[in-house]
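The structure appears right after this line, and notes come after that.
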Amino acid sequence: MVSKIYFADARVKGYDYKYSFVAKFEQILNMIDFKEFIRDKDYVAVKTHFGSYGAHRIVRPIFLKKVVDKVKEVGGMPFVTDTVRIPGLEYLDVANMEGINHLSVGAPVILADGIFGRDHVRVKSGPYLKDVGVASSIYYAPAMIVVSHSKGHIGSGYGGAIKNLGMGGISCKNHCGEAERGKIHFEENKHLEWIDAKCIRCGQCIDVCPHDAMKLVDDSIVIDKSICVKCARCSRVCEVKALVVPISEESFQASLAESAAAVVSTFEKGRILYINFITEVQPECDCMPMADTPLVQDQGVMVSFDPVAIDQASLDIINSAEPLAQSKSADKKVKKGDNILKAVTGKDAQLHIDAAYNIGMGSKDYELITIDEKDTKEEEQ
């Protein structure tokens, strides 16, 4: 089955608001019948990523506000949300620092799994995960809009709608305080391995840990497993590979798709809308404490009811774009037509998109319906 995707190019060629990227986004939203999936008085989760200290390339509040306004137009009651990445109250401070608050987006800004990251409902998953803890505010919401920033990712190679669901739709911890999201990063019941002989004691792993789970004690890296959430940031920054995450790429990617499917299973069919911003496509996830220069020029924004199709289309557009100079694309000597994200991240994003397709989350075949300045001008008239 071919899925429809509405697309607006990021280029702006006229000196008027009606030609702007914001106006194009409004035009796309106007082409979606929000009454089809939102009922009067429905609580509607607007799921996004709040960013991190040092990261600043998330979806901007002005676009979240446009989504919130459309939900309100049809009688829905929206709330903007994410799940705990760093300690909860600090993460809400990050959201406010990024400009995401009630005043800017026009809706409450909350943590879907509570300030301690433990509020969830267990949902059956697939053979890798068995079950996952879907964040309670997402589980109980009758409708959801998943607003994703398309970029690279340390484990999946690409972070879009599926990653936003699979990682961001489940709780940080379980009710016992053990890592819940970490079940995707690590094989069951396994922990990070520190290789003493490789370690140069640079301290980067300690500095990057958002939960203070790592310390240097008597010249040895000590990991407090009781507070480690298995996010794998420490392994990502270790340049000498002295920290090893116990999972294969295939298992990680399949687990990510399973988790995303579990989150989707808590909604009635057709009650989730997906929005992918293919802008500021940096090589890292927005949860890292930094943001590198974009790999490609801003491409645009997509809207669809199919998470597989929208991620496949986003990946196709990124990989067909011209790599930018002075970026990690240039460092890796990537050429146009190469698999840009795979070359930069070392991971094949197609694996989790294929896995999501294989378990029935959506279609990889899509029809791109492009909105241009002419369409926007006619809408204004």
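In the chain, taking the dipole from charged Cβ atoms about the Cα centre, the farthest positive-side position among 308, 243, 167 is held by 243.
At full extension, residue 293 and residue 17 could sit 96.7 nm farther apart than now, given 0.36 nm per residue minus the alpha carbon distance.
Here the relative contact order of the chain, from alpha carbon pairs under 8 Å that lie six or more residues apart, stands at 23 percent.
The Cα-based radius of gyration and maximum Cα-Cα distance (Dmax) for the range 194-303 are 18.1, 56 Å. For the pairs 13/333; 4/336; 24/342; 35/66; 190/332, note any where the Cα-Cα span goes beyond 24 Å. Violating the 24 Å Cα-Cα cut-off are 13/333; 4/336; 24/342; 190/332.
Using 1/(1 + (r/R0)^6) with R0 = 35 angstrom and r between the beta carbons of residue 74 and residue 211, what's the FRET efficiency to the nearest 0.05? Efficiency computed from Cβ-Cβ geometry: 0.30. Count Lys and Arg as plus one, Asp and Glu as minus one, and take only other residues whose Cβ is under 14 Å from that of residue 331; the net charge is then +1.
Over the chain, consider all pairs of different Cα atoms and compute the Kirkwood hydrodynamic radius from their mean reciprocal separation; express it in Å, one decimal. Present the calculation step by step, with values, prior to reporting the outcome.
Working: mean 1/r = 0.0477 Å⁻¹.
This gives a value of 21.0 Å.
For the range 60-143, the C-alpha radius of gyration divided by 2.2 N^0.38 Å, with N the number of residues, is 1.21.
Which Cα, out of 97, 153, 294, lies furthest along the positive dipole direction of the chain (beta carbon charges, K/R +1, D/E -1)? Result: 153.
When +1 charges are put on Lys and Arg Cβ atoms and -1 charges on Asp and Glu Cβ atoms, the dipole computed for the range 174-314 relative to its Cα centre reaches about 180 debye. Within the range 230-279, the trypsin sites (Lys or Arg not before Pro) that combine a DSSP coil assignment with at most 11 other C-beta atoms in a 10 angstrom radius are 241, 269. For the chain, DSSP calls about 50 percent of its internal beta bridges antiparallel.
Nothing charged except the Cβ atoms of Lys and Arg (+1) and of Asp and Glu (-1): what's the magnitude of the dipole of the chain about its Cα centre? Round to the nearest 20 debye.
On the way: 46 positive and 53 negative charges, 42 e Å.
The dipole of the chain has a size of about 200 debye.
Return one number: the angle in degrees, 0 to 90 and rounded to the nearest 10, between the long axis of the Cα atoms of helix 21-30 and the longest principal axis of the Cα atoms of the chain. Computed tilt is about 70 degrees.
Helical content of the chain, expressed as a calculated mean residue ellipticity at 222 nm, amounts to -8000 deg cm²/dmol (DSSP H runs of 4 or more residues, -39,500 (n - 2.57) each, divided by residue number, nearest 500).
Against the chain, whose longest principal axis comes from its Cα atoms, helix 88-97 is set at around 50 degrees.
In this Cβ point-charge picture (+1 for Lys and Arg, -1 for Asp and Glu), the range 86-173 has a dipole of about 400 debye about its Cα centre. Computed extension length for residue 222-residue 239: 4.3 nm, one decimal, from 0.36 nm per residue of separation with the Cα-Cα distance subtracted. In the chain, a dipole from Cβ-located charges (positive for Lys and Arg, negative for Asp and Glu) runs towards its positive end, and of 123, 20, 53 it is 123 whose Cα lies farthest in that direction. Taken along its three principal axes, the alpha carbon spread of the range 285-365 comes to 39, 29, 23 Å, from the longest extent down to the shortest.
Since every read-out is calculated from the coordinates, none of them should be taken as a lab result. Please read all numbers here as calculations on a predicted model, not as lab measurements. Cβ atoms come from the backbone with ideal geometry, glycine included; neighbour counts cover every protein chain shown.
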